[in-house]
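Colleague: Dropping a structure here in C-alpha cells format, bear with me for questions.
The values are calculated or read from the model by the stated rules, or taken from the named source; none is laboratory data. Small disclaimer: the values here were computed from a predicted structure and weren't measured. All Cβ positions, even for glycine, are placed from backbone atoms using ideal geometry, and neighbour counts span all protein chains on display.
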Amino acid sequence: MKNLPGRSCFKLCVFVCVTFLCSVWARGEDWKTEKSRDGKIQIRNRMQTIYLNGEKVDVVEYEAITKTRVEQANFIAAMKKSETHQFILDNKSSLKLKSISDHEWIFYYFFDFPWPMSDADCVVHMELKQDSSRAEFILNAAPDQFPRQAVQRMPVYNVTYSLQKMDYGISIVSIHSEISSTMNAPDLLVQLWFPEGPADLLRRLITASQKPITP
C-alpha cells in the first residue's frame, strides 16, 4: 500500500471509478459514445450484468479506437513483453508467468492501489491471432493459473488489443475491455475515468508499439 501522490491518484481513479460505475449505471445494452479531449480517440462504454459461477457480476465494457501510424510487427513484438503490459496499465507489476506456445502466454498483474483502496491482482491467458493485415491479442481472466495471494483477485478481466492495417501506413488500433471489480468508490471520481481513462490506455499502447523492435 502506498500514499496518494502523482500518478498513483490516477491509477486509483481508474480502478475505483470502474467499480463505482458498476453500482450506479443502469443495466442495459445501450452504448454511450464520446471522444477524447483531443478529439482523436473514440470511446464507447456500457454497463452489463453477467452471471459468473451462479452469481450476478456487474461488468463495465468499453472500447477505445483511433487511427495512427503503427507497424504490425512492432505492435506484436511490444505486446509479447511484460514491460509493455506494465507500461500500458501503469501498475506495480506485470509478469509473464508462462509461454505456452509462440502465440499463447499466461500473465500476472499486481495493482498496488493507494490508500484507502485495497491492493488487487489478476491472472490472464493471452492469445495472439493474426493474418497479413490484422493482429489481435485476446486476454481472458484465468484466476486458477497462479496461486492466490493475500489480495483480492479480479473475477472478470477480458481485454482485446487490436491492430488493423489500412492504406498508406495507417492502422486502426483499439482496446476492447470487459472488467469487473469488488470495491465501492466515491462518485466524485467517476468523471475522471471516461473518456480520458481508456484514451490514455490506448495512447500508451500506441507509444509502446511505435518503439523499435528489440530482442
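Colleague: Tell me, please, whether a residue that is at pLDDT below 95 and surrounded by fewer than 18 Cβ atoms within 10 Å (Cβ to Cβ) can be found in segment 75-92.
Modeller: Taking every residue of segment 75-92 in turn, at least one turns out to be at pLDDT below 95 and surrounded by fewer than 18 Cβ atoms within 10 Å (Cβ to Cβ).
Colleague: I've got another one for you. Please work out if residue 27 is more than 29 Å from residue 210 (Cα to Cα), modelled with pLDDT of 85 or more and either part of a helix (DSSP H, G or I) or charged (D, E, K, R) (or both).
Modeller: no
Colleague: Give me a count of the residues in segment 119-136 that are part of a loop (DSSP other than H, G, I, E, B) and under 22 Å from residue 172 (Cβ atoms).
Modeller: Total meeting the criteria: 3.
Colleague: So how many residues does segment 52-73 have that are surrounded by fewer than 17 Cβ atoms within 10 Å (Cβ to Cβ) and in a helix (DSSP H, G or I)?
Modeller: So the count comes out to 1.
Colleague: Could you please find all residues in segment 125-172 being farther than 18 Å from residue 198 by Cβ, in contact with a Leu (Cβ under 7 Å, 6 or more places away or on another chain) and among the hydrophobic types (A, V, I, L, M, F, W, C)?
Modeller: 126, 135, 146 - these are the residues of segment 125-172 that are farther than 18 Å from residue 198 by Cβ, in contact with a Leu (Cβ under 7 Å, 6 or more places away or on another chain) and among the hydrophobic types (A, V, I, L, M, F, W, C).
Colleague: Additional query: Pick from 139, 163: which is in a strand (DSSP E or B), in contact with a helix residue (DSSP H, G or I) (Cβ under 7 Å, 6 or more places away or on another chain) and modelled with pLDDT of 95 or more?
Modeller: On inspection, the qualifying residue turns out to be 163.
Colleague: Identify, please: which residue in segment 103-118 is surrounded by fewer than 16 Cβ atoms within 10 Å (Cβ to Cβ) and in contact (Cβ under 8 Å) with a residue 24 or more places away in the chain and is, among those, nearest to residue 171 (Cα to Cα)?
Modeller: Among those that are surrounded by fewer than 16 Cβ atoms within 10 Å (Cβ to Cβ) and in contact (Cβ under 8 Å) with a residue 24 or more places away in the chain, it is 103.
Colleague: Out of (1) within 17 Å of the chain's Cα centre (by Cα); (2) surrounded by 15 or more Cβ atoms within 10 Å (Cβ to Cβ); (3) at pLDDT 95 or above, the odd one out for residue 207 is which?
Modeller: Failed condition: (2).
Colleague: Could you figure out which of (1) within 22 Å of residue 41 (Cα to Cα); (2) assigned to a strand (DSSP E or B) isn't true of residue 168?
Modeller: Failed condition: (2).
Colleague: Return yes when residue 64 is under 21 Å from residue 201 (Cβ atoms) and touching a His at 6+ places or on another chain (Cβ under 9 Å) and no when it is not.
Modeller: In short, yes.
Colleague: What is the residue count in segment 166-195 for residues that are modelled with pLDDT of 90 or more, within 19 Å of residue 120 (Cα to Cα) and polar (S, T, N, Q)?
Modeller: Total meeting the criteria: 1.
Colleague: For residue 98, indicate whether it is assigned to a strand (DSSP E or B) and farther than 19 Å from residue 214 by Cα.
Modeller: yes
Colleague: Shifting gears a bit: How many residues does segment 142-157 hold that are assigned to a loop (DSSP other than H, G, I, E, B) and in contact (Cβ under 8 Å) with a residue 24 or more places away in the chain?
Modeller: Summing the residues that are assigned to a loop (DSSP other than H, G, I, E, B) and in contact (Cβ under 8 Å) with a residue 24 or more places away in the chain in segment 142-157 gives 7.
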